[in-house]
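The values are calculated or read from the model by the stated rules, or taken from the named source; none is laboratory data. Predicted model only: the values in this text are computed from it and were never measured. We place every Cβ from the backbone using ideal geometry, glycine too, and count neighbours over all the protein chains shown.
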């Protein structure tokens, strides 16, 4: 069993690896900070009713615009990091965190808008639990000085479907609630949520299996096995 001094030394080594002063103001990392600010603007615009020039949906348009810009910064920071060799250990942490913050903010905003739909709350709960499991896995990997070298296909699939459902509900639900028949709106909203829940649940099960392997085999052995599987494909 490692003593307290070795644990402290390992923790300080992780901090030095991921939080270096020369990486804080790299352009890709600054874009992550901007994304967090845009998330705050999105919540303010989308959740606060506004009537601009007689348009009662002005807040929906402004909120969606903030989400689109925030999503674009996610693409832009990755492009700049690769194009101009500005990748950093800090960026590997704050980029996915800010991305998940955006997803969480949109899902939470939908819960506030569509509070009467249990499926929306269920979708949000499954998403939060999945991200909690992923955070625990990444924390264990970082604490041991290792990290996953690639995103898993089920994670990419769940992210794509979740974004698609969130975007559809974000833009369409205010209009459906106002103009569509009650049963029609219920069917569309619940169907979209159930689709997201199914894909998120599948990804959650896969990440739970990954967490089990992580605990049983250890981060180094798990990373070694993943590299062998990639080489065999």
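Quick notes on this one:
- Considering 172, 125, 182, the condition of being within 29 Å of residue 57 (Cβ to Cβ) and at pLDDT below 85 is satisfied by 182 alone.
- When each of 56, 49 is tested for being exposed (fewer than 13 other Cβ atoms within 10 Å of the Cβ) and in contact with a helix residue (DSSP H, G or I) (Cβ under 7 Å, 6 or more places away or on another chain), the lone residue that passes is 49.
- Qualifying residue in the stretch 196-214 (condition: loosely packed, with under 15 Cβ neighbours inside 10 Å, modelled with pLDDT under 90 and part of a loop (DSSP other than H, G, I, E, B)): no
- Leading residue by the ranking (modelled with the highest pLDDT) among those in the stretch 137-169 that are in contact with a helix residue (DSSP H, G or I) (Cβ under 7 Å, 6 or more places away or on another chain), under 17 Å from residue 215 (Cβ atoms) and part of a helix (DSSP H, G or I): 137
- Criterion violated by residue 218 - all others in (1) modelled with pLDDT under 75; (2) at negative phi satisfied: (2)
- Selection from the stretch 110-136 of residues that are out of contact with any helix residue (DSSP H, G or I) (no Cβ under 8 Å at 6 or more places or on another chain) and under 14 Å from residue 155 (Cα atoms): 132, 135
Table: residues versus (1) in contact (Cβ under 8 Å) with a residue 12 or more places away in the chain; (2) assigned to a helix (DSSP H, G or I).
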| position | (1), (2) |
| --- | --- |
| 68 | no, yes |
| 72 | no, yes |
| 101 | yes, yes |
| 105 | yes, yes |
| 108 | yes, yes |
| 115 | no, no |
| 120 | yes, yes |
| 124 | yes, yes |
